[in-house]
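The values are calculated or read from the model by the stated rules, or taken from the named source; none is laboratory data. Please read these numbers as outputs of a predicted model, since none were measured by experiment. Here the Cβ positions follow ideal geometry from the backbone for every residue, glycine too, while neighbour counts run over all protein chains shown. Protein only, heavy atoms only, side chains kept; ligands, DNA and RNA dropped before computing areas. Shrake-Rupley method; radii C 1.70, N 1.55, O 1.52, S 1.80 Å.
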Amino acid sequence: MAPFKDYIVLAALTLLPTLSAQNTTWDHSLYASSPPVYPSPPTTGQGWEAAYAQADAFVKNLTLEEKAGVLTGVAQGPCIGNIAPIPRIGFPGLCLQDGPASIRQATFATVFPAGLTAAASWDKGLIYERGLYLGAEFRGKGAHIALAPVCGPLGRSGLAGRGWEGFSPDPYLTGVAMELTISGIQKNGVQAVAKHWIGNEQETQRNPSVSDNGTTIEAVSSNIDDRTMHELYMWPFANSVRAGVASIMCSYNRLNGSYACQNSKALNGLLKDELGFQGYVMSDWGAVHAGVDSVQAGLDMNMPGPLGFFVSEPSFWGPNLTLAINNGSLAEERLDDMVRRVMLPYFHFGQNVDFPPIDPESADLNILGVTPLLDTFTYGPANVDVRDDHAKLVRDLAAAGTVLLKNTNNALPLKAPKNMGVFGNDAGDPTNGLYTLKFVGEQNYEYGTLAVGGGSGTGRLTYVVTPLDALKVRTQQDGTLLQYLLNNTLISSDPTIAFYSIAPSPPEVCLVFLKTWASEGADLTSLEADWNSTAVVENVAGYCNNTIVVTHTGGPNTMPWANHPNVTAIVAAHFPGQESGNSIVDILYGNVNPSGKLPYTIANTEADYAFAGITNSTELQQTEDPNAWQSDFTEGLLIEYRHFDYYNQSVLFEFGFGLSYTNFSLSDLSVSKIGNGTISASPPQAAIAPGGNPTLYDALFRATATVSNTGSVAGAAVSQLYLSLPQIPGEGITPLKVLRGFEKTSLEPGQSAQVSFDLMRRDISHWDTIAQEWMISSGNIGVQLGFSSRDIILTDSFSAL
Ligand code: NOJ
């Protein structure tokens, strides 16, 4: 089937009523039952007051054509998204660049650890710093707008091709990471874009396709009930809006039957009305399927502008917007609001006063086909080096986001081994280039360590320190004999021949490096690591009784070999970025004590994840029904650890789990109310501010405890606070526990520190679908503090009302 071929407008539909049980058969006729939300709420510039007057004056100075130009991208610019300059008034245009782990379309830029890796660090300081440095690099390249960070996909399915671009399937952890990253990026005067709004949980059929008979088959529809929408998928976007994010990118998929970029309930209703979003909604590239309808539904900027991306093709917007105003089908006031929304962050961040010129190399690297430089853009020198000393953060954060899962007999840290073997095609240099944009095709990357995934979230490596590079350097210190075999085919098929070259045999320690390709444009077909990974591990472990497995992956993997007695240690290193080898060597040798924790669950088998898979089947692939692709989120709130906990299922490594080379304890948990006033069930009435009703973020309770390092080496503990909120009759299943606080504390041996967790109103509420409000229920709220979702050490409870 061919994507991007045709576009059909569907009516704007809205959210479904809450479902109460798993495996409920969804009534698809319900989609048409909810009213559309119009008109699009105008921005008041709240939070950006000083900029409002400037944005308003800017609008008043524009012709109708110029207004349409500020809202519609042009393909012939240097960036992945371009708003054309207006020389008449000295407006330099806008340069939009990917992505969440690096400024992708650039040379001499840093490739940072992926969002998932950052989340696995659970380190608020490092996550913020990553955002700060990303912002500095976008700025240095003249990119006004960073198409980052990502919280959709959230991670309903571990098979999602883009799960690694964002942070964690847990909305609380992701919400915190979004806030910190956005604050960091925007601190450098670069506009951040929270993407993709919303329900973008799979790559498969994310866009419409054309069937064999020529019928347009619409994109997959993520069908999400109201409570799940609020408590899971919207949650981190609410944090983003509260953090003052400049823009939100709407997604390719349909939401409850209607394309996300023209879904008035999602854009006008949830985002602009309920969350009080003051900036602009931009479309994902080619996600616009209508002109006036998308404008009325709340979309403010059309990217990349022309249909099908290329300059020769027309746009639903551009001249069609002026036509719509002139023939009366669109009010000019809506157009003015759109321009104000686009210009508010530009003025707020002073991008009109002081902003570096665009690096013209970006145009040469532009993937959108023929894109001659539009000479009205302002260019500076080419190939500016914006990396500064960011490599240090990359190395530290990737080590901090590395999770030690198994460590039998203190296999790690390594102690000057005499003889080491390194195995696996992920250990050495990539042989097919350092740039992994390719949307599909793990087959193209047999050899080489995987530092980052593919697609628009990738980065152009200036170098990559491979695990083998770093081990070669490190082993010299101890005079270790280092031998390696990087051919997975050989190791998995003919171990006798493979291991023949190694002597003395077997090595004292064997390191196996595995990888799992993940990219935009395709979902994973298996959760097992690639390239015969299981046979590779089993054969190495069959020969070497001290086998340590390191994985480079963009999400959960199954590990069928995890309990093999010769697999003495397992380390999940995620997508670490350019310093990969240095970061893993820091962990393996104990220069850095592992402190990463899983931001997802590793289940026993792939079948255990079946509760929320990728919607796909042979029937769907061959369908002639335009509306056939429906992905019903029937599991509701029960994704990830919430599912495994509710169904009391054992897992291999639970959410929040990760070992250290030291030990920690927790004591003295106490929970107290903040302030003396009585607490109402519903939030006090207050004017909506960015993020929604501001009282949702009032801290109402504080939990405190003492965390201590009881071991013999320095290390960092991640104290995790989970709440057990009451079941709400008629409102679906409430998970048994949800993360509502975490703190990472570095401690010397014998040292203790206090940790505290402020519980905000939203943290202790549920979304009431009847009242259409966040409500605190009268029941008891359980408090569980521990070092993972299943390592609960202290408990308490309180009643909020
Ligand atoms: C499509 C991707 O979904 C989006 O994340 C990206 O920013 C744009 N392409 C531009 O590359």
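Per-structure values
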{"quantity": "Over 27 Å [Cα-Cα, region 653-801], rounded percent", "calculated": "29 percent"}
{"quantity": "Cβ crowding within 10 Å averaged over residues, with 175-181, 337-343, 379-385, 751-757 ranked highest first", "calculated": "175-181, 337-343, 751-757, 379-385"}
{"quantity": "Percent carbon-and-sulfur accessible area, region 62-203, ignoring ligands, DNA and RNA, probe 1.4 Å", "calculated": "57 percent"}
{"quantity": "Gain upon complete extension [ALA681, LEU373; 0.36 nm per residue less C-alpha separation]", "calculated": "105.2 nm"}
{"quantity": "Prolate/oblate/rounded call for region 624-727, Cα gyration tensor, a/c under 1.5 rounded", "calculated": "oblate"}
{"quantity": "Accessible heavy-atom area order of ARG227, ARG474, highest first, probe of 1.4 Å", "calculated": "ARG474, ARG227"}
{"quantity": "Overall dimensions of region 99-216 as given by Cα atoms, namely Rg and Dmax in Å", "calculated": "15.5, 54"}
{"quantity": "Cα-based radius of gyration of the chain once divided by 2.2 N^0.38 Å, which approximates compact folds", "calculated": "0.93"}
{"quantity": "Cysteines, the chain, no other Cys beta-carbon under 4.7 Å", "calculated": "CYS151"}
{"quantity": "Net length gained if the chain between ASP364 and MET760 were fully extended (0.36 nm per residue, minus Cα distance)", "calculated": "137.8 nm"}
{"quantity": "By accessible area with a 1.4 Å probe, ligands and nucleic acids excluded, highest first: order of ILE548, ILE770, ILE325", "calculated": "ILE770, ILE325, ILE548"}
{"quantity": "P(r) weight above 14 Å for region 558-618, C-alpha pairs, percent", "calculated": "71 percent"}
{"quantity": "Fraction of beta bridges assigned by DSSP in the chain that are antiparallel (%, nearest 5)", "calculated": "60 percent"}
{"quantity": "Extension gain from ASN432 to ALA50, taking 0.36 nm per residue of separation minus the Cα-Cα distance", "calculated": "132.5 nm"}
{"quantity": "Between helix 467-478 and the chain: long-axis angle, C-alpha atoms, 0 to 90°, nearest 10", "calculated": "40 degrees"}
{"quantity": "Solvent-accessible heavy-atom area per residue, rounded to whole Å², over the chain at 1.4 Å", "calculated": "32 Å²"}
{"quantity": "Note, ³J(HN,Hα) from phi for region 504-516, Karplus 6.51, -1.76, 1.60, rounded to Hz, x at Gly and Pro", "calculated": "x, 10, x, x, 5, 9, 10, 9, 10, 10, 10, 9, 9"}
{"quantity": "Nitroxide proxy distance, nm - points 7 Å out along Cα→Cβ at ALA503 and ILE770", "calculated": "8.1 nm"}
{"quantity": "Accessible surface of region 732-771, 1.4 Å probe, proportion on carbon and sulfur as whole %", "calculated": "47 percent"}
{"quantity": "Computed [θ] at 222 nm, helices only, for the chain once each DSSP H run of length n ≥ 4 contributes -39500 (n - 2.57)", "calculated": "-6000 deg cm²/dmol"}
{"quantity": "Acute angle (nearest 10 degrees) that the helix 171-187 long axis makes with the longest principal axis of the chain, alpha-carbon atoms", "calculated": "70 degrees"}
{"quantity": "At q = 0.19 Å⁻¹, base-10 log of I(q)/I(0) for region 223-303 (Debye sum, equal scatterers on each alpha carbon)", "calculated": "-0.77"}
{"quantity": "Using alpha carbons only: equivalent-ellipsoid semi-axes of region 197-268, gyration tensor based, whole Å", "calculated": "26, 13, 10"}
{"quantity": "Relative contact order of region 723-792, pairs being alpha-carbon contacts under 8 Å that are 6 or more residues apart, as %", "calculated": "35 percent"}
